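Q: Provided herewith is a single structure, encoded as structure tokens, for subsequent inquiry.
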């Protein structure tokens, strides 16, 4: 078990299928990626994540480990904060982190409330997308998806990603109250519980602001450098997240890239990636009730499954 140490947006299960065999093509494209190709690319993205945290940039105090079968009570087993230190001056000044953080105050956390989309918010979305596509991580993902026939150009991929992540749909009462980005990176309150919320940056900032109370953890990954992966239990205000998985220390572009890779090539199922020689499952879901053309559906959720 890891002790105190230095480390270097609920959706229905629509289709929970097994991975396709490595030689089998996805029914959506004759040029579909194989499992081996997905794992090879994910290793490249891991290596190329130059904006991720280095050793010493984050100090976690994970404290009490609780079996996932016992996490539903909301009991606080950790008297201290999860984040002892984050090198904000270094990490959050990097353009993709800065653009991510600028987006986090754009959303109403409660589902059922229509999200307003001002010109300023659209400009912030576009600025974030522009910055991540300037990174090697997103350029390699673009080249891969184009080479496998999922897109015909970088422009078509950027256009699809913008709607995939930021297009609004309804989780409650027919209101346009949610998006993939809000769900995964900001988090939502849905039916009295925390829904989504898989961004370590958001977790850190809300804990720092006194809005999140860290309770315990139930699993951690095999990595000794970034990005590492954990499952945490915490409360946002009075609302509970009994099992919430996170990459820790990764850059925004890496998380967008890994989740998008799996969503495009293995939607609505477990997707196996490799990071630093170790395998990890990524779960993705489409939002079932809305599509934006050509049968494509909005991203509902994506997260590491450990």
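The values are calculated or read from the model by the stated rules, or taken from the named source; none is laboratory data. On a predicted model such as this, the values are computed, not experimentally measured, just so you know. Ideal geometry is used to build each Cβ from the backbone, glycine not excepted, and the neighbour counts take in all protein chains shown.
Q: Considering 216, 290, which residue is buried (at least 20 other Cβ atoms within 10 Å of the Cβ) and over 18 Å from the mean Cα position of the chain (by Cα)?
A: Unique residue meeting the criteria: 216.
Q: Hey, any hits in the stretch 225-237 for a residue that's surrounded by fewer than 18 Cβ atoms within 10 Å (Cβ to Cβ), touching a strand residue (DSSP E or B) at 6+ places or on another chain (Cβ under 6 Å) and closer than 27 Å to residue 91 by Cβ?
A: Taking the stretch 225-237 as the starting set, the residues that turn out to be surrounded by fewer than 18 Cβ atoms within 10 Å (Cβ to Cβ) are 225, 235, 237.
If we keep only those that are touching a strand residue (DSSP E or B) at 6+ places or on another chain (Cβ under 6 Å) too, we end up with 235.
Checking which are closer than 27 Å to residue 91 by Cβ leaves us with 235.
Yes: the stretch 225-237 contains one or more residues that are surrounded by fewer than 18 Cβ atoms within 10 Å (Cβ to Cβ), touching a strand residue (DSSP E or B) at 6+ places or on another chain (Cβ under 6 Å) and closer than 27 Å to residue 91 by Cβ.
Q: Among (1) more than 16 Å from residue 181 (Cα to Cα); (2) surrounded by 19 or more Cβ atoms within 10 Å (Cβ to Cβ), which single condition is residue 125 missing?
A: Condition not satisfied by residue 125: (1).
Q: Looking only at the stretch 236-275, how many residues end up being at pLDDT below 95 and on the phi > 0 side of the Ramachandran plot?
A: 1
Q: Report, by residue number, each residue of the stretch 60-104 that is under 30 Å from residue 127 (Cβ atoms) and in a loop (DSSP other than H, G, I, E, B).
A: If the condition is that a residue be under 30 Å from residue 127 (Cβ atoms) and in a loop (DSSP other than H, G, I, E, B), then 82, 87, 92, 93, 94, 104 are the ones that fit.
Q: Which count do you get for residues in the stretch 12-53 that are assigned to a loop (DSSP other than H, G, I, E, B), at pLDDT below 95 and surrounded by fewer than 18 Cβ atoms within 10 Å (Cβ to Cβ)?
A: Here the count works out to 18.
Q: Kindly check whether there is at least one residue in the stretch 152-166 that is over 27 Å from residue 208 (Cα atoms), part of a strand (DSSP E or B) and in contact with a strand residue (DSSP E or B) (Cβ under 7 Å, 6 or more places away or on another chain).
A: no
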